[in-house]
1. When a/c is below 1.5 the answer is rounded, else prolate if a/b is larger than b/c, else oblate, so apply that to segment 3-84 with a ≥ b ≥ c taken from the square roots of the Cα gyration tensor eigenvalues.
2. Defining a contact as two alpha carbons under 8 Å apart and six or more residues distant in sequence, what relative contact order in percent does segment 27-89 show?
3. Can you compute the modelled spin-label distance between residue 36 and residue 24, with each label point 7 Å from Cα toward Cβ, in nm?
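We did not get these values from a lab; they are worked out from the coordinates using the rules stated. On a predicted model such as this, the values are computed, not experimentally measured, just so you know. Here the Cβ positions follow ideal geometry from the backbone for every residue, glycine too, while neighbour counts run over all protein chains shown.
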């Protein structure tokens, strides 16, 4: 299945690799390879990630510690976002209402 990365997902990969390369270039490369392997897995098994509550047609695959959000369409798969599991952008707050976190 064809996989496309959104600008947001590509930006994350570049930023993450750049940040990690400041400390260890080999680790930075290994992390990017890990994320790319996870993306390839999503391409092979598009249903691997469960649907994200409250997000229209978005599925999330966790390749710890990274989360890969993606959508299926007629052209294949688009990776809409990649983030480290410790990062919680504002739009994720709607995924998990405060009562669910208690």
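1. Prolate, because a/c is 1.5 or more and a/b exceeds b/c.
2. This gives 21 percent for segment 27-89.
3. Distance between the two pseudo-spin positions: 2.0 nm.
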